[in-house]
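Participant: Take this structure, written in structure tokens, and hold onto it; I'll ask about it next.
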Amino acid sequence: MKDKPKEEKADKKIVFSRREFLNAIGTSALVVSGVGAAGVTLDYLSPNILFEPPLKFKVGTPEDYSPDTVTLDAERQIFIVREEQGYFYCLSAICTHLGCLTFWKGDESLIACPCHGSRFAKHGQVVRPPAPRPLPHFQITLNDRGELVVDKGEIVSEDYILKV
Ligand code: FES
């Protein structure tokens, strides 16, 4: 079999000159750094917003809560308390020691913290440390439609109650 001429073989190869090769490398570097700089600039210009759940929200109607009950809303980290006489109050379910979610311990009639053993009375006063402060109370009102509305942005005194 006869070999093809050398010139024909050379035609099939892609041949770069040194200049073309260096141009390609330089252009690639410019594109990569330009894309990186554009990304950083866009990130800098975009607003740095932290989305938080609303502080004011509905928690149902008074009929949803039986008298003499303590209801934990774990998602919103609050207790809705309905006393035997029918009035309401709302308090934080976040332990004032290191911020664990507390729970209602019905057999002791206390709010308990699972982390370091703090106990709170139904009104939020510290019964057993290490919690340094009582659980704060939040404003609870009734809207025009007869729904209970809690506002975690409004801390009220511990003798604040909602009569319905
Ligand atoms: Fe509740 Fe420590 S976080 S007792």
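Read the figures in this text as sums done on the coordinates, not as results from a lab. No experiment lies behind these values; they were computed from the predicted model shown. When we count neighbours, we look across all protein chains shown, and the Cβ atoms used for this are built from the backbone with ideal geometry, even at glycine.
Participant: Springs between alpha-carbon atoms under 10 Å, Gaussian network over the chain: tell me which of 40, 15, 81 tops the mean-square fluctuations.
Facilitator: The residue that fluctuates most here is 15.
Participant: Along the charge dipole of the chain, pointing to its positive end and built from +1/-1 on Cβ of Lys, Arg, Asp and Glu, which listed residue (36, 155, 57) has its Cα farthest out?
Facilitator: Value computed over the given set: 36.
Participant: Top mean-square fluctuation among 50, 110, 135, Gaussian network model of the chain, C-alpha springs under 10 Å?
Facilitator: Largest GNM mean-square fluctuation: 50.
Participant: Continuing with this model, one more query. What is the count of Lys pairs in the chain whose alpha carbons sit under 24 Å apart, if the two are 8 or more places apart or on different chains?
Facilitator: Taking the Cα cut-off of 24 Å, the pair count is 15.
Participant: Compactness ratio of the range 1-156: Cα Rg over 2.2 N^0.38 Å, N = residue count?
Facilitator: Taking N as the residue count of the range 1-156, the ratio is 2.25.
Participant: How do 162, 91, 42 rank when sorted from fewest to most other Cβ atoms within 10 Å of their own Cβ?
Facilitator: 42, 162, 91
Participant: Can I ask one more? Exactly which trypsin sites (Lys or Arg not before Pro) in the range 56-164 are in a DSSP loop and have at most 10 other Cβ atoms within 10 Å?
Facilitator: Taking the range 56-164 and a limit of 10 other Cβ atoms within 10 Å, the loop trypsin sites (Lys or Arg not before Pro) found are 145, 163.
Participant: For every helix of n ≥ 4 consecutive DSSP H residues, a contribution of -39,500 (n - 2.57) applies; sum these over the chain, divide by its total residues, and give [θ] at 222 nm rounded to the nearest 500 deg cm²/dmol.
Facilitator: So the helix-based figure for the chain works out to -7000 deg cm²/dmol.
Participant: Once you list every other residue whose beta carbon is under 14 Å from the beta carbon of residue 118, what net charge do they have if Lys and Arg are +1 and Asp and Glu are -1?
Facilitator: +3
Participant: Given springs between every Cα pair under 10 Å in a Gaussian network model of the chain, which of 151, 107, 73 has the largest fluctuation?
Facilitator: For the chain, modelled as a Gaussian network with Cα springs under 10 Å, the answer is 107.
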